Amino acid sequence: MNPINELRFAVSDRINDVEVGPKHVPLALLGEFQKDVGEFLKGAGRDIDPAQVLVSVEDGSLALVVTGLLAAVSLWGDLEHLKSPDSLSLIDVKRASVVERWQVAARQNPNRNYLVADRTAQVGFSINSSTDYRRVEQAWVHVEKYLHGKVVDLGGKTKANVHLELETGETVTVAASHDLLAKEEHNRLYRPALLHVTAEENLLTGALRNLRLLAFEAHQPSYDEDEFKRMVERGTQAWADVADSAAWVETLRGGKA
């Protein structure tokens, strides 16, 4: 799913026999809807800064058009999951809570409908009185992983952690002890790093949770031309007495020399 830059959040209802819209909306509904949209955008991972997005109000139903969402990696992943009704256990917990609240409201108010979509309506989901998004029990197992990325935040007064931006663009929070970070000799902030972590991994989706740092590992991803030349030289010397290397390998495999 390719991320886009705009989403339309809309709520429609009929109150006192009048359609809800920008010129006719109960204050309570307006406040709740604004709060829910903000919570859905941020999620628990807060990969969106509300101060960095723009909102416009459209005619018709009460609709907020939000732009500035290109970097919202987890948001687009969650919208992809929401194509299935068995998806609430797969998405961000804050977004799942918003979906559940909207379902309850729609079941209590038969005229209430919610819509989240792009301009083409190819991305997003809708909720009405018959919608049935639900949670499915997921299997989580304890694992050890090596995560490579860039450290974008480090430390913490009460709860120490490392914020690691992965190569996918997603940022994960890895809990750490104050002692482990205090003993670190290198300045890790805003630098590539390889983290050895423990975590719980979802067997169905591969998602990780409850990450905890075991150690920063040595990692040298750059190409070393001098080392490569030394390896070629050693290999050339080792094969110097073999006239036909292909035939020699074929003989080892049991073929004809």
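Here are the numbers:
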| item | result |
| --- | --- |
| Nonlocal amide H pairs with Asp47, under 5 Å, H built at 1.01 Å | none |
| The chain, relative contact order in percent, only Cα pairs under 8 angstrom and at least six apart counted | 15 percent |
| Estimated vicinal HN-Hα couplings, Hz - the stretch 137-149 in sequence order (Karplus 6.51, -1.76, 1.60; Gly, Pro = x) | 4, 10, 9, 10, 10, 7, 9, 10, 9, 10, 10, 10, x |
| For the stretch 140-217, convex hull volume per residue from C-alpha positions, Å³ | 84 Å³ |
| Cross-link reach list, lysines versus Lys83, counting only Cα pairs under 29 Å and skipping chain neighbours closer than eight places | Lys35, Lys42, Lys94 |
| Within the chain, longest stretch clear of exposed chymotrypsin sites (Phe, Trp or Tyr not before Pro) (DSSP loop, no more than 15 other Cβ within 10 Å) | 1-189 |
| Relative intensity, log₁₀ I(q)/I(0), of the chain from a Debye sum that treats every alpha carbon as a point, q = 0.09, 0.14 Å⁻¹ | -0.59, -1.01 |
| DSSP-defined beta bridges in the stretch 1-137 - what % are antiparallel, rounded to 5 | 100 percent |
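Bear in mind these aren't lab numbers, they're just calculated from the coordinates by the rules spelled out. The structure displayed is predicted, hence computed values, not measured ones. Don't worry about glycine lacking a Cβ; one is built from the backbone with ideal geometry, like all the others, and counts go over all protein chains shown.
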